[in-house]
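Below is one structure, written out as structure tokens; the observations come after it.
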Amino acid sequence: MPPWRQVRDQVAALAAAGVLAPGQQLPTIRQLARDLGLSPGTVARAYRELETAGVLHTARRHGTVVAPRADQPRPDPLQQAAAEYVTRARALGADADRALAAVRDQYR
């Protein structure tokens, strides 16, 4: 089986099983190609096939993400923003109290 198809089938299976959650960002084409020891063209073809099938969605600023499944409600944009903020705050070493204080300061 060609490598692009193996990548396509694996990502599709992980998305269908819920291992890759809707909205979850995937590695860039170049990064995944490096990680798997494949050419970027191979990974690009797999991503294109998955986008055509509705499994993935690519947006310039947000990269490639797992598309919402038809049987699942779309996630709340505020919850998504909050999740992104918490991830960033944790990466900066902030605890919940400090992160909430920063949000409160922005509302003032």
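The values are calculated or read from the model by the stated rules, or taken from the named source; none is laboratory data. Quick caveat: nothing in here was measured; it's all calculated off a predicted structure. Backbone-built Cβ (ideal geometry, glycine too); neighbour counts: all protein chains shown.
Just a few scattered comments:
- Residues that are among the small types (Gly, Ala, Ser) and without any contact (Cβ under 8 Å) to a residue 12 or more places away in the chain, drawn from the stretch 31-61: Ala33, Gly37, Ser39, Gly41, Ala59
- For beta carbons closer than 8 Å, sequence separation of 6+ or different chains, a first residue in the stretch 96-107 that is at negative phi and a second that is surrounded by 12 or more Cβ atoms within 10 Å (Cβ to Cβ) and of a type in the set (A, V, I, L, M, F, W, C), the qualifying pairs are Arg98/Ala89; Ala99/Val86; Ala99/Ala89; Ala102/Ala89; Ala102/Ala94.
- Scanning the stretch 49-108 for residues that are exposed (fewer than 13 other Cβ atoms within 10 Å of the Cβ), of a type in the set (Ser, Thr, Tyr) and either modelled with pLDDT under 90 or farther than 24 Å from Leu14 by Cβ (or both) returns Thr87, Tyr107.
- Subset of the stretch 3-32 [hydrophobic (A, V, I, L, M, F, W, C) and either outside any helix (DSSP H, G or I) or closer than 14 Å to Thr64 by Cα (or both)]: Val11, Ala12, Ala15, Ala17, Val19, Leu20, Ala21, Leu26, Ile29, Leu32
- Long-range neighbours under 6 Å by Cβ, at least six apart or interchain, first residue small (Gly, Ala, Ser) within the stretch 1-29, second part of a loop (DSSP other than H, G, I, E, B): Ala12/Val55; Ala15/Val55; Gly23/Pro75
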